[in-house]
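Input: a single structure, listed below in structure tokens.
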Amino acid sequence: MEFVQFHPTTLYGTNILISEAARGEGGYLKNINGERFMSQYAPQKMELAPRDLVSRSIFREIKEGRGFEGKYVHLDVTHLGEALVAERLPQVRDLALRYAGIDPAKAPIPIEPAQHYSMGGVRTDTWGCTSLPGLMAAGEAANVSVHGANRLGGNSLLETVVFGRRAGCRAAELAGAESWPALSSQTVVRSLESWANLYNNRRKYTRDDDIYSIRQGVTEVMTSQVGVFRMAGELEDAVQRIGELKERFGRQAPAAGPQPFNYALMDYLETGYLLDLCEIIAGGALRRTESRGAHYRLDYPRRDDQKWLCHTFAQKREGGSEYSAGPVKITTYEPRERGY
């Protein structure tokens, strides 16, 4: 789960994705000095370098003071002309106009990198089966390991179209062979008790602490300390702060309301799951003392196949997440270090 892909070009302030088609058609990335700064990072590939490299380059420009307002850079397609932008990049133009009031044919688009995709997920076999009998997973929620440490553009379709279909076929096969399980009244009572306990033995919302502020807190931690660039000290602090946020969350109760349409309850549940996932991502990133794919450690900038050519398995235990290493199956192509 520590392998998180950042998309290099999202609309500043909204994080709405600005398609790579804009760079594919010849768009330029420029800093506050008007320089095409990718010449300093990937002179052969320029703006068409891999997502992780472009994202790191943008963040470095911003951190070193060459961003606009210290927060973003420009994606410039003005030189392509109005006709080409309208014909080839209609969605990009529509999004920029709609959410930023900018016509990209006439002015540069303010962009920043943002979290885009998770290479990790619930571990499955090639039929979508997990280690829990009857539980299946496919798509971004699953990890059948077709992405390695850094997903290629468009490869998510493989997870949905191929492995989604395989999981559906296997689910139908299993459902047809299994009898409907018996459900005891005790099981129903236990299930209802778990929901009732959400509203009991916890304090209610207070003005100085609520689910929204906890969610804001974990967002800030992950953005500033578990982002494109990672370091041991910041990761250790992130793990500790997430633990503190989980303690605060444990003292909260979801807002009371009509159960079928209690959106506050949905926010409450989502925040709890978000905290669990963030804990795993930050802990896995701290544990992996190397740089590989989308995981980049400033204090460990090199890849270490001898120690870290492995999957990270995380399991929930009483005291938190427990990590272990799983083997990587090497098939036709040996993993090699990227040459640019």
Picking from Gly13, Gly27, the residue that is under 14 Å from Ile109 (Cβ atoms) and modelled with pLDDT under 90 would be Gly13
Scanning region 90-126 residue by residue, the ones that are farther than 25 Å from Ser57 by Cβ and under 24 Å from the mean Cα position of the chain (by Cα) total 6
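For the subset of region 79-104 comprising residues that are among the small types (Gly, Ala, Ser) and farther than 17 Å from Gly13 by Cα, which member is surrounded by the fewest Cβ atoms within 10 Å (Cβ to Cβ)?
The qualifying residue surrounded by the fewest Cβ atoms within 10 Å (Cβ to Cβ) is Ala83.
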What about Gly81, is it at negative phi and not assigned by TED's automatic domain parsing to the domain that holds Cys310? no
Taking the conditions exactly as written (out of contact with any His (no Cβ under 6 Å at 6 or more places or on another chain), within 28 Å of Ala282 (Cβ to Cβ), among the hydroxyl-bearing types (Ser, Thr, Tyr) and surrounded by 13 or more Cβ atoms within 10 Å (Cβ to Cβ)), does Thr124 satisfy them or not? yes
Output the residues belonging to region 1-49 that are assigned to a helix (DSSP H, G or I), touching a Gly at 6+ places or on another chain (Cβ under 9 Å) and of a type outside the set (A, V, I, L, M, F, W, C). Glu47
Residue in region 274-289 that is of a type in the set (Ser, Thr, Tyr) and modelled with pLDDT of 95 or more present: yes
Mind listing whichever residues of region 148-158 are farther than 20 Å from Ser19 by Cβ and either among the hydroxyl-bearing types (Ser, Thr, Tyr) or buried (at least 17 other Cβ atoms within 10 Å of the Cβ) (or both)? Ala149
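Rundown of residues vs (1) of a type in the set (D, E, K, R); (2) modelled with pLDDT of 90 or more; (3) buried (at least 16 other Cβ atoms within 10 Å of the Cβ), yes/no style:
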{"position": "Arg203", "(1), (2), (3)": "yes, no, no"}
{"position": "Thr219", "(1), (2), (3)": "no, yes, no"}
{"position": "Val239", "(1), (2), (3)": "no, yes, yes"}
{"position": "Glu244", "(1), (2), (3)": "yes, yes, no"}
Report whether or not Asp125 is modelled with pLDDT of 95 or more and either in the same structural domain as Gly293 (by TED's automatic domain parsing) or acidic (Asp, Glu) (or both). no
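Is there a residue in region 21-43 that is among the hydroxyl-bearing types (Ser, Thr, Tyr) and surrounded by 14 or more Cβ atoms within 10 Å (Cβ to Cβ)?
yes
Each row is one residue, and each column tells you yes or no for (1) closer than 19 Å to Ser145 by Cα; (2) more than 21 Å from the chain's Cα centre (by Cα); (3) touching a residue at least 60 places away in the same chain (Cβ under 8 Å); (4) in a loop (DSSP other than H, G, I, E, B).
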{"residue": "Thr289", "(1), (2), (3), (4)": "no, no, no, yes"}
{"residue": "Gln306", "(1), (2), (3), (4)": "no, yes, no, no"}
{"residue": "Ala314", "(1), (2), (3), (4)": "yes, no, yes, no"}
{"residue": "Ser321", "(1), (2), (3), (4)": "no, no, no, no"}
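The values are calculated or read from the model by the stated rules, or taken from the named source; none is laboratory data. As the structure is a computational prediction, the values presented were derived from the model and not from experiment. Note that we place each Cβ from the backbone using ideal geometry, even for glycine, and neighbour counts take in every protein chain shown.
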